[in-house]
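Engineer: Take this structure, written in structure tokens, and hold onto it; I'll ask about it next.
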Amino acid sequence: MKELRLMKGNEAMAEAAIRCGADGYFGYPITPQSEVLEYLMAEQPWKRTGMVVLQAESEVASINMLYGGASTGKKVLTSSSSPGISLMQEGISYLAGAELPCVVINVVRGGPGLGDIQPSQSDYFQATKGGGHGDYHLYVIAPSSVQESSDFVKKAFEVAFKYRIPAMVLSDGAIGQMMEKVELFEQMPRRTDEEVIAECGSWATTGKTPDREHNVITSLDLIPERLEEHNHKLQAKYKEIEENEVIYEEILCDDADYVIVAYGTSARISQKTVQLAREKGYKLGLMRPITLWPFPKAKIAEYGETKKGILVVEMSEGQMVEDVRLNINGKIPVEFYGRSGGMIPTPDEVLTAFEKHFM
Amino acid sequence: MTEEIIIAGFGGQGVLSMGKILAYSGIMQDQEVSWMPAYGPEMRGGTANVTVIISDDRINSPVLNSYDTAIILNQQSMDKFEKTVKPGGLLLYDPNGISKHPSRKDINIYQIEGAAEAARLKSGKTFNMVVLGAFLKLKPIVEFDNVIKGLKKSLPERYHHLIPMNETAIKSGMKIVKEIQKL
């Protein structure tokens with residue numbers, strides 16, 4: 001039976017973590033994502049499924065607890081907001097280097113620095129280009145509704161385990177704080193120790209048996225030849241993800257001359273702009289990248305041949321717009337409209353920007 | 001049907017919970033809803049507002065710059081949101097503490113003496129339900145039964161004995177809402 005609830009995005013992500021059979025959550029409170037930890041503490045999933053929930057002493061501790069949990073093949077996650085995610089970058093790089101699956105939720109707020117607590121999308125570069133040191137990528141998926149906040153936690157775990165990489169759910173303060181109707185997926189059982197060994201025993205530290213060598217989890221390799229080989233292996237994996245895991249949504253793009261490209265909250269706002277534009281007779285559509293890495297490169301490149309112009313809308317000073325320009329490669333004009341510092345653009349503002357550039 | 005509502009007042013007046021009950025009522029009759037608070041440094045005594053959208057269709061932007069209905073509960077909110085009501089839309093306000101009354105000629109304006117009525121009912125906390133009653137009288141977008149169901153859903157069970165009191169408040173709000181300007 002489908003279960004409908006009115007929930008905040010943050011609460012939906014917490015409930016999804018329990019329902020997808022996560023083994024542990026380690027986190028530290030920060031606005032605007034504190035409801036994730038609050039919800040888990042109130043819900044007491046250690047009684048429901050045996051899932052561990054721990055408030056760590058800091059974000060640095062949380063991410064290293066993830067490293068420990070993920071090393072044993074357990075399904076673990078953390079959540080934070082921008083400044084907290086910055087603190088985690090060293091650990092995220094280590095997780096990527098050691099090929100450990102886990103989920104990191106970032107409910108983005110205004111920056112740089114401590115910034116403020118209002119919604120923002122200014123962590124796109126950090127999420128998709130690395131953030132920590134070294135040649136690595138996270139799988140980055142961006143919900144634009146409370147429903148997707150729930151669904152994408154599950155999806156992030158699936159991809160993380162399929163490829164053994166850390167995955168990030170990139171939300172923002174608006175989606176985290178907003179309440180909408182959500183249909184919760186059914187409780188999945190937590191894996192038994194035997195099931196964890198069956199799934200992850202080939203690499204995880206599940207206890208050495210006489211029939212195999214030690215499984216070693218590390219991101220350190222002092223032999224340059226071997227480390228380069230390891231990097232090539234990571235790159236091959238990233239290439240496979242780019243080929244297989246791109247997700248995006250197109251709204252009214254088929255007959256459109258112009259397209260807005262936006263994700264998350266900006267996409268919701270821009271969808272209203274598209275409606276207003278259509279009422280005025282403009283042939284405008286919306287393309288919403290759902291995975292930010294892998295980025296829907298091919299689809300964007302196609303617009304260079306089929307559309308007259310693109311407006312990128314972000315709650316930042318312009319980050320994703322660089323990826324759009326890279327793939328359009330100068331073929332059609334790519335303009336940008338953004339608000340930052342926690343300001344949210346309104347549908348009218350976006351329409352005015354569109355008219356200024358293209359009408 | 002799509003109804004776009006802003007509810008604005010002081011923190012502690014029950015602005016956010018009124019919106020939540022409205023949203024839950026929408027779900028009870030199988031509609032799409034969104035509840036988007038201004039969650040900043042607002043707290044008791046500061047300003048608080050929430051955008052509630054109830055629709056038969058998928059809701060696009062949860063953030064709006066004009067509304068079908070503004071429910072306004074203090075002067076700061078009046079200054080900020082009177083101008084955001086769509087022409088022909090509805091402005092519902094509590095005159096308590098309002099020094100500058102709305103002056104627009106192109107919208108419907110109604111008053112609800114919510115604070116006074118809640119005091120008369122000897123339950124100050126039902127203020128927001130009196131106001132909700134007034135709104136539902138003017139725009140019956142959700143059925144009364146579904147509001148009660150919504151109330152049950154949004155209140156923790158330990159407070160369910162207070163539901164009859166809230167029901168009374170909603171009904172009295174429906175009765176005493178006062179027309180100021182009807183187009």
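Engineer: Please label the shape of region A:230-280 as rounded, prolate or oblate, based on the square roots a ≥ b ≥ c of the eigenvalues of the alpha-carbon gyration tensor (a/c under 1.5 means rounded; beyond that, a/b larger than b/c means prolate, else oblate).
Structural biologist: Numbers: a/c = 4.83, a/b = 2.96, b/c = 1.63.
Judged from the Cα gyration tensor, region A:230-280 comes out prolate (a/c at least 1.5, a/b above b/c).
Engineer: Take every residue in peptide A:177-188, count the Cβ atoms of other chains within 10 Å of its Cβ, and give the average of those counts.
Structural biologist: On the way: counts 5, 9, 14, 10, 11, 1, 0, 0, 0, 0, 0, 0.
Neighbouring Cβ atoms belonging to other protein chains average 4 per residue here.
Engineer: To continue, here is another question. Hey, how much of the P(r) for the protein assembly as shown falls beyond 32 Å, as a percent of Cα pairs? Present the calculation step by step, with values, prior to reporting the outcome.
Structural biologist: Numbers: 70281 of 146611 pairs.
Of all Cα-Cα pairs in the protein assembly as shown, 48 percent lie more than 32 Å apart.
Engineer: According to a simple spin-label model (label point 7 Å from Cα along Cα-to-Cβ), what is the distance in nm between B:K152 and A:E158?
Structural biologist: Here the answer is 3.5 nm between the modelled labels.
Engineer: Counting Lys +1, Arg +1, Asp -1, Glu -1, what net charge surrounds A:H232 among other residues with beta carbon under 15 Å of its beta carbon? Can you show the working numbers first?
Structural biologist: Working: positive: A:R226, A:K233, A:K237, A:K239; negative: A:E99, A:D135, A:D221, A:E225, A:E228, A:E229, A:E240.
Once all neighbours under 15 Å are counted, the net charge is -3.
Engineer: In sequence order, what are the phi-derived ³J(HN,Hα) couplings for region B:170-183 according to the Karplus relation 6.51 cos²θ - 1.76 cosθ + 1.60 with θ = phi - 60°, rounded to whole Hz, with x for glycine and proline?
Structural biologist: Result, rounded to whole Hz: 4, 5, 6, x, 4, 6, 9, 4, 10, 7, 10, 8, 10, 6.
Engineer: What are the ³J(HN,Hα) couplings of region A:260-269, residue after residue, when phi is run through the Karplus curve with 6.51, -1.76, 1.60 and θ = phi - 60°? Round to Hz, x for glycine and proline.
Structural biologist: 8, 10, 7, 10, x, 4, 4, 5, 4, 5
Engineer: Could you compute how fast region B:1-142 diffuses translationally, taking Rh as the Kirkwood radius over C-alpha pairs and applying Stokes-Einstein at 10 °C with viscosity 1.306 mPa s? Give it in µm² per second. It would help to have the intermediate numbers written out before the result.
Structural biologist: Working: Rh = 15.1 Å.
Using the Kirkwood radius from Cα pairs, D works out to 105 µm²/s.
Engineer: Shifting gears a bit: Amide H neighbours of B:F10 under 5 Å, counting only residues 5+ apart in sequence or on other chains, H built in-plane at 1.01 Å?
Structural biologist: Those lying under 5 Å, H to H, from B:F10 are B:A48.
Engineer: State, as an integer percentage, the relative contact order of chain B based on alpha-carbon contacts under 8 Å between residues 6 or more apart. Don't jump to the answer; show the numbers that get you there.
Structural biologist: Values: 371 pairs, mean separation 42.7, N = 183.
Relative contact order for chain B comes out at 23 percent.
Engineer: How many angstrom separate the Cα center of region A:1-38 from the Cα center of region A:42-86?
Structural biologist: 12
Engineer: Nearest 20 debye, what's the magnitude of the dipole of region B:107-175 about its Cα centre given +1 on Lys and Arg Cβ and -1 on Asp and Glu Cβ?
Structural biologist: Numbers: 11 positive and 6 negative charges, 19 e Å.
It comes to approximately 100 debye.
Engineer: Starting from a Cα-only point model with no solvent, please compute log10 I(q)/I(0) by Debye for region B:104-168 at q = 0.16, 0.17, 0.23 1/Å.
Structural biologist: -0.60, -0.66, -1.04
Engineer: Also: Between region B:16-33 and region A:283-359, how far is it from one alpha carbon centroid to the other, in angstrom?
Structural biologist: A separation of 33 Å, based on Cα centres.
Engineer: Sticking with this one: Measuring from label point to label point, each 7 Å out along Cα→Cβ, what is the B:L162 to A:D254 span in nm?
Structural biologist: Each label point lies 7 Å from its Cα, and together they span 5.2 nm.
Engineer: Once every DSSP H run of n ≥ 4 in chain B is given -39500 (n - 2.57) and the sum is divided by its residues, what mean residue ellipticity at 222 nm do you get, rounded to the nearest 500 deg cm²/dmol? Write down the numbers at each step before the final one.
Structural biologist: On the way: 6 runs with 65 residues, N = 183.
So the calculated ellipticity at 222 nm is -10500 deg cm²/dmol.
Engineer: Amide H to amide H under 5 Å from A:V140: which residues, 5+ apart in sequence or cross-chain, H placed 1.01 Å off N in plane?
Structural biologist: Result for A:V140 returns A:M168, A:L292, A:W293.
Engineer: Another question, then. Through the Karplus equation 6.51 cos²θ - 1.76 cosθ + 1.60, θ set to phi - 60°, convert the phi angles of region A:305-310 into ³J(HN,Hα) values in whole Hz; use x for Gly and Pro.
Structural biologist: Once rounded to whole Hz, the list reads 8, 10, 10, 9, x, 10.
Engineer: Determine the shielding of peptide A:114-124 by partner chains: average, over its residues, the number of Cβ atoms on other chains within 10 angstrom of each Cβ.
Structural biologist: On the way: counts 0, 0, 2, 3, 4, 2, 0, 0, 0, 0, 0.
For peptide A:114-124, the averaged partner shielding equals 1.
Engineer: Then there's this: Which value, in debye to the nearest 20, gives the size of the charge dipole of chain A about its Cα centre, when Lys and Arg are +1 and Asp and Glu are -1 at the Cβ? Show your work: numbers first, answer last.
Structural biologist: Details: 37 positive and 51 negative charges, 81 e Å.
So the dipole magnitude of chain A works out to roughly 400 debye.
Engineer: Now a separate question. With the contact rule set at Cα under 8 Å and sequence spacing of 6 or more, what percent relative contact order holds for chain A? All intermediate terms of the calculation are to be shown ahead of the outcome.
Structural biologist: On the way: 766 pairs, mean separation 65.4, N = 359.
18 percent.
Engineer: Could you identify which residue out of A:A14, A:A301, A:A142 has the top mean-square fluctuation in a GNM of chain A using Cα springs shorter than 10 Å?
Structural biologist: Result: A:A301 has the largest fluctuation of those listed.
Engineer: Looking only at A:A174, A:A262, A:A298, which one moves most when chain A is put into a Gaussian network model with springs between Cα atoms under 10 Å?
Structural biologist: Judging by the Gaussian network model, the answer is A:A298.
Engineer: What percent does the relative contact order of region A:14-164 come to when contacts are Cα pairs within less than 8 Å and at least six residues apart? Write down the numbers at each step before the final one.
Structural biologist: Values: 246 pairs, mean separation 35.3, N = 151.
It rounds to 23 percent for region A:14-164.
Engineer: Take every DSSP beta bridge whose two residues both sit in chain B, then give the antiparallel share in percent to the nearest 5. Mind showing how you got there, number by number?
Structural biologist: Details: 18 of 32 bridges.
In chain B, DSSP labels about 55 percent of beta bridges as antiparallel.
Engineer: Mind listing the long-range amide H neighbours of A:E249? Cut-off is under 5 Å, sequence gap 5 or more, other chains count too, H placed in the peptide plane at 1.01 Å from N.
Structural biologist: A:R288, A:I290
Engineer: A further question follows. In square nanometres and to one decimal, what's the mean projected area of the convex hull around the Cα atoms of region A:250-358?
Structural biologist: Numbers: hull surface 23.8 nm².
So the mean shadow area of the Cα hull is 5.9 nm².
Engineer: Beyond 18 Å between alpha-carbons counts as too far, so tell me which of A:K181/B:K20; A:K8/B:K80; A:K129/A:K299; A:K47/B:K149 fall in that bin.
Structural biologist: Details: A:K181/B:K20 11 Å; A:K8/B:K80 26 Å; A:K129/A:K299 20 Å; A:K47/B:K149 29 Å.
Listed pairs above 18 Å: A:K8/B:K80; A:K129/A:K299; A:K47/B:K149.
Engineer: Pop a pseudo-label 7 angstrom from the Cα along the beta-carbon direction at both A:I197 and A:L4 and give the gap in nm to one decimal.
Structural biologist: 4.6
Engineer: Please name which of B:M129, B:L64, B:A118 has its Cα lying farthest along the dipole of region B:1-147 towards the positive end, using unit charges on Cβ (Lys, Arg +1; Asp, Glu -1) and the Cα centre as origin.
Structural biologist: Result: B:A118, furthest along the dipole toward the positive end.
Engineer: When you look at the Cβ of every residue in A:265-272, what mean number of other chain Cβ atoms sits within 10 Å?
Structural biologist: Details: counts 4, 1, 2, 7, 5, 2, 4, 7.
That works out to 4 on average.
Engineer: With no solvent and one point on each alpha carbon, what is the Debye value of log10 I(q)/I(0) for region A:3-184 at q = 0.10 Å⁻¹?
Structural biologist: Here log10 of I(q) over I(0) equals -0.31.
Engineer: For chain B, set up a Gaussian network in which alpha carbons nearer than 10 Å are linked by springs, and say which option among B:M129, B:M165, B:M28 fluctuates the most.
Structural biologist: Maximum fluctuation in the GNM of chain B, among the listed residues, is at B:M165.
Engineer: Rg to Rh for region A:186-271: what is it, with Cα atoms only and Rh by Kirkwood? Write down the numbers at each step before the final one.
Structural biologist: Values: Rg = 21.8 Å, Rh = 18.3 Å.
The Rg/Rh ratio comes out at 1.19.
Bear in mind these aren't lab numbers, they're just calculated from the coordinates by the rules spelled out. Just so it is clear, the structure is predicted and the values come from calculations on it, not from any experiment. Glycine gets a Cβ as well: all are built from the backbone with ideal geometry, and neighbour counts include every protein chain shown.
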